[in-house]
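These notes concern the structure reproduced below.
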Amino acid sequence: MGKLRILLLLFLLPSIGFQSSAQIFDQKIADYILKVEHPLSFLQKLENLGVKEIKKPGLDSTCFWLKKMLEQVGYSVKIQNFLYGNDTLRNLEFTKKGSSDSSIIIGAHYDSRGGPGVNDNGTGDFALYQIAKLMNGVKSKYTLKFLYFSGEEIDYLGSRQFVKTLNKDSVKIKFMLNLDQLGGTVGEDNTGIKCERDEISSKKAESNELAIAMAKIYSSYTNLNPIITPAYSSDYLSFRDSSYLISGIYQSSSFPYYHSQNDLLKYVEFKSLISAVQGALAFLLHFSKSEITAGTVLDTGDANCLNVYATDRGLILSVNSNYSLLIFDQMGRLKYSKFGSEIDKNVALDDFKNGVYFAYLNSNGKMVRNKFLVQH
Ligand SMILES: [Zn+2]
């Protein structure tokens, strides 16, 4: 190893200067969205559950796994059963209450076609889970209604069923946000993100505004380049067709393995997935009129528990369980991401250019940030 000198700078110094072109920006939100966890363990489990098709065991086992995961982070989860021929399909519904009954619906389908569906739609399922987990402790004006839909691959069966049971008079819906295929693809250009709008119904002008607002949020809070595209072939169409306002998020790189047995973890690109989820969370923090205070954002580093130390050999992590580590440069560009376990606590910085960086260490829902300098 060459002469690597790293100086630990002050903890909790002024925050990252994200490239900021849009009017929409809140530093507390920029910090809070870094709590999004690394997707590896979630997607690994989802892949192991197999094909999520009707008459395959993976469909119900995924449903009950998701239910358990949400219950563990404090939600009570309702199952909506419905019939398709002789088979029972199940949507999952859970709610984060706001001070108003007006609701934003966030949906992702968990059924798959032809394979385990890690990209389509494990990536959207991961996004929904992270958003639900991270919104749970945050006060907001609007209520968030989360839906895991089944039967999307059979002509949007689950979402059509859900829309049928929604009582328009008693439930005030602001809009529905759809999360489908957010992963990015190994080996492809993953720098874009599609922000989708309804271009057909009477709500198209409002939907356009929503997609533009989402695009601004992606430009302000992530390194992804937003592209506005028409809503296409997923559960939001069930809502659009019943006159609800919709928008959606979709990866811009193609995923050649979808609807096949090769829809596997090894083809999913993580950095763009993490950014896609961070942007979706920022969008919902804004649009639910949430209250993020400085105290919600970071946990205090603790020498015995969770912290990042810079040494002349690289970073050393103090952590007792699985973690994710994100390193940003001063411009807020994500330079490095790692998902590790408690036995793997060293991070070499040999490949880093000279400069100031910010390390965010995230474990068990807690996060610390340290600023450090690399000087070779
Ligand atoms: Zn899909």
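The values are calculated or read from the model by the stated rules, or taken from the named source; none is laboratory data. Keep in mind it's a predicted model, so treat the numbers as computed, not measured. Don't worry about glycine lacking a Cβ; one is built from the backbone with ideal geometry, like all the others, and counts go over all protein chains shown. Remember, those area values only see protein heavy atoms, side chains included, never the ligands or the DNA or RNA. Shrake-Rupley method; radii C 1.70, N 1.55, O 1.52, S 1.80 Å.
Quick look at the numbers
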| item | result |
| --- | --- |
| Selected residue [of a type outside the set (Asp, Glu), within 25 Å of ASN167 (Cα to Cα) and either under 15 Å from the mean Cα position of the chain (by Cα) or within 16 Å of the ligand (Cβ to nearest atom) (or both)] from TYR84, TYR129, TYR110 | TYR110 |
| Of the criteria (1) of a type in the set (Gly, Ala, Ser); (2) away from the ligand (no atom under 13 Å from the Cβ); (3) touching a Gly at 6+ places or on another chain (Cβ under 7 Å), which one SER234 fails | (2) |
| Every residue from segment 16-54 that is at pLDDT 95 or above and open to solvent by 30 Å² or more (accessible area, probe 1.4 Å) | GLN44, LYS45, GLU47, ASN48, LEU49, VAL51, GLU53, ILE54 |
| Tally, over segment 181-193, of residues that are closer than 15 Å to TYR250 by Cα, open to solvent by 30 Å² or more (accessible area, probe 1.4 Å) and touching a helix residue (DSSP H, G or I) at 6+ places or on another chain (Cβ under 8 Å) | 1 |
| Extreme residue, nearest to the ligand (Cβ to nearest atom), among residues of segment 248-275 that are open to solvent by 60 Å² or more (accessible area, probe 1.4 Å) and not in a loop (DSSP other than H, G, I, E, B) | LYS266 |
| Segment 155-174, subset in contact with a helix residue (DSSP H, G or I) (Cβ under 8 Å, 6 or more places away or on another chain), over 27 Å from SER254 (Cα atoms) and of a type outside the set (Val, Ile, Thr), residue farthest from the ligand (Cβ to nearest atom) | LYS174 |
| Number of the condition not met by VAL308 [criteria: (1) within 14 Å of ALA30 (Cβ to Cβ); (2) buried (at least 22 other Cβ atoms within 10 Å of the Cβ); (3) touching a Ser or Thr at 6+ places or on another chain (Cβ under 9 Å)] | (1) |
| In segment 194-221, the residues that are in a strand (DSSP E or B) and either away from the ligand (no atom under 16 Å from the Cβ) or surrounded by fewer than 18 Cβ atoms within 10 Å (Cβ to Cβ) (or both) | CYS195, ARG197 |
| Cβ-Cβ under 6 Å pairs, at least 6 apart or on other chains, segment 43-70 side farther than 12 Å from LEU92 by Cβ, far side aliphatic (A, V, I, L, M) | LEU43/VAL118; LEU43/LEU265; GLU47/VAL118; GLU47/LEU265; LYS52/LEU59; GLY58/LEU49; GLY58/VAL51; SER61/LEU49 |
| Identity of the residue in segment 132-154, of a type in the set (Val, Ile, Thr) and surrounded by fewer than 20 Cβ atoms within 10 Å (Cβ to Cβ), that ends up nearest to the ligand (Cβ to nearest atom) | ILE154 |
| Members of segment 327-353 found to be open to solvent by 60 Å² or more (accessible area, probe 1.4 Å), closer than 15 Å to LEU273 by Cα and touching a residue at least 40 places away in the same chain (Cβ under 8 Å), listed by number | ARG333 |
